[in-house]
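Worksheet: the structure to be examined is printed underneath.
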Amino acid sequence: MTRPAFDTVLIANRGEIALRVQRACRGLGLRTVAVYAEPDRDAPHVRLADAALCIGPAAARDSYLNQAAILFAAEISGAQAIHPGYGFLAENADFVERVEAAGLTFIGPTAAAIRLMGDKIAAKRAMRASGVPCVPGPDAGLPDAAPALHVLAEAIGYPVIVKAAGGGGGRGMRLVRAAAELEDAVAVTREEARRAFGNGEIYLEKFLEHPRHVEIQVLADHHGTALWLGSRDCSLQRRHQKVIEEAPAPGIAADRLAEIGASCVAACRRIGYRGLGTFEFLYTDGAFFFIEMNTRVQVEHTVTEMVTGLDLVQLQLRVANGEALTLRQEEIACHGHAVECRVNAEHPETFAPSPGRITAWHAPGGPGVRLDSHMGAGATIPAHYDSLIAKLIVHDTTRPAALARMRAALDEMQVGGIATNLALHRRLLREPGVIAGGFDIHHLERWLAAS
């Protein structure tokens, strides 16, 4: 079905992503409506919007997660579309249905696609049917009977990992290295999943000891065109949270990436996917293993933009507005190398959040340097939300040149009045393992433990 055209977009988010979406809208001549919680009253995207409405107090559940308030704001502002950004309601299928029931356009995939890919078991089943390689393990929930559990685990081979079907972000997982640990791990994970996600279904996979985290960015329209837009490596993680990302994923042959990219495109067509999305893989010993799909724009979309020259958020808006993609797969190329550092308001050693008022702010600059941020001198960081205050992104012709440019940009960037993880990034960009590349997802935590 052809979607109605829209000219006004309500941005149901805050921080740097709200400002990023607003800039993309402005470039397309679209009006923007900002919604904000009380602490964000003076945020840049609020000041720069064509209209702005307060939707509640600081607590996210009463504001940025308040579906009724957001829909009412759309109604009284005249917005015809809602962009969710990332986080909050971005992957909430119930919200998508409410948006569409109100006659509005949700800038993202359908509720059905979000539900399918949000259920890790169903997603794995759909990916296998599309030819996307998956981590070894059955495409079904675990039985209750202990003997059947042990048969499955033995067939996969220890170590295995117990996962919640509705989990994500590192939650709802337990590593099992021996049969004696299996039953307790299953019982605890099942109860945790029931409480955290409202879904007690769990499943079992092979635990890969030293994988990398590699992503494939995809984009699909309403007219049957689907494209893959390159790769990213997001292996520098702490507690399953990404710290530094880069594009393209280093050290992987172009023909191997093209093969996995084509399988992702086939999966998009099979499930009727539309909009931006990211296929996340574990990569080890030359093999890719699908773990999940993110059905939204991601924090790290910036590095893909830097190497492809594409504005992914504008493309996302165009697709949602019913436009057909005019890009062809053979026209998409990767030029040079890009690196992103997530700058957080947190103590660099304890990682405790550091809300407060920024007293000094110096942004780095120069060729190939980009800073996506909603912060500046005098800004206040509330204690109620994610600690991300900026994304520092650089681009250069080669990976070594990009790393050198990032080191210079990190040395130039200064933030006063609060603690940040800039010192951690400065150390990381000089660490031999990071400079060499090809590190696994446990590299950062090993390095921190040894420091």
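What follows is calculated from the coordinates using simple rules that are stated; it is not laboratory data. Since we're looking at a predicted model, the values are computed, not measured. For neighbour counting, all protein chains shown are included, and Cβ atoms are generated from backbone atoms with ideal geometry for every residue, glycine included.
Positive-end ranking of GLY167, ALA180, ALA145 along the dipole of segment 136-206, with charges on Cβ about the Cα centre, is headed by GLY167. Straight-line reach from LYS120: taking Cα to Cα under 23 Å and skipping same-chain neighbours fewer than 8 places apart, the lysines in range are LYS163, LYS206, LYS242. Listed from fewest to most Cβ neighbours within 10 Å, the set SER235, SER451, SER373 follows the order SER451, SER373, SER235. Between ARG269 and HIS384, what FRET efficiency follows from the Cβ-Cβ distance if R0 is 45 Å, with the result rounded to 0.05? Efficiency for this residue pair is about 0.65.
Across q = 0.15, 0.16, 0.29, 0.33 Å⁻¹, segment 359-400 modelled as identical point scatterers on its alpha-carbon atoms has Debye log10 I(q)/I(0) values of -0.48, -0.54, -1.11, -1.24, in the order of the q list.
Inter-label distance, ASP119 to GLU259: 3.2 nm, where each label sits 7 Å from its Cα along the C-beta direction. Annotation: extensible slack from ASP139 through ALA287 equals 51.4 nm (criterion: 0.36 nm per residue apart, minus Cα-Cα distance). On the beta carbon distance between ALA360 and ASP42, with R0 = 22 Å, the FRET formula returns roughly 0.75.
Farthest towards the positive end of the charge dipole of the chain, among the residues THR105, SER77, LEU204, is the Cα of SER77, using unit charges on the Cβ of Lys, Arg, Asp and Glu. Cβ crowding within 10 Å, taken as a proxy for footprinting-reagent exposure, orders ILE55, ILE70 from fewest neighbours to most as ILE55, ILE70.
For segment 291-369, averaging the sequence separation of C-alpha pairs within contact (under 8 Å, six or more residues apart) and dividing by the residue count gives a relative contact order of 26 percent. Normalising the average separation of contacting C-alpha pairs (under 8 angstrom, six or more residues apart) by the number of residues puts the relative contact order of segment 212-450 at 22 percent. Taking every C-alpha pair closer than 8 Å and separated by at least 6 residues, the mean separation divided by the residue count of the chain gives a relative contact order of 14 percent.
Each Lys and Arg adds +1 at its Cβ and each Asp and Glu adds -1 at its Cβ; summed about the Cα centre, segment 89-214 shows a dipole of about 280 debye. Here are some values of Cα extents along the principal axes in Å: (i) 67, 57, 47; (ii) 157, 55, 47; (iii) 61, 51, 46. Which one was computed from this structure? Computing Cα extents along the principal axes in Å and matching it to (i) 67, 57, 47; (ii) 157, 55, 47; (iii) 61, 51, 46 gives (iii). Taking a ≥ b ≥ c as the square roots of the eigenvalues of the Cα gyration tensor of segment 134-247, is the shape rounded (a/c under 1.5), prolate (a/b larger than b/c) or oblate? Prolate, since a/c reaches 1.5 and a/b exceeds b/c. With both residues required to sit in the chain, DSSP beta bridges show an antiparallel share near 80%.
As a calculated quantity, the FRET efficiency between ALA148 and ALA449 at R0 = 25 Å, using C-beta atoms, amounts to about 0.10.
Cα centroids of segment 147-191 and segment 329-350: 33 Å apart. When ILE435, ILE389 are arranged by Cβ crowding within 10 Å, least crowded first, meaning fewest neighbours, the order is ILE435, ILE389.
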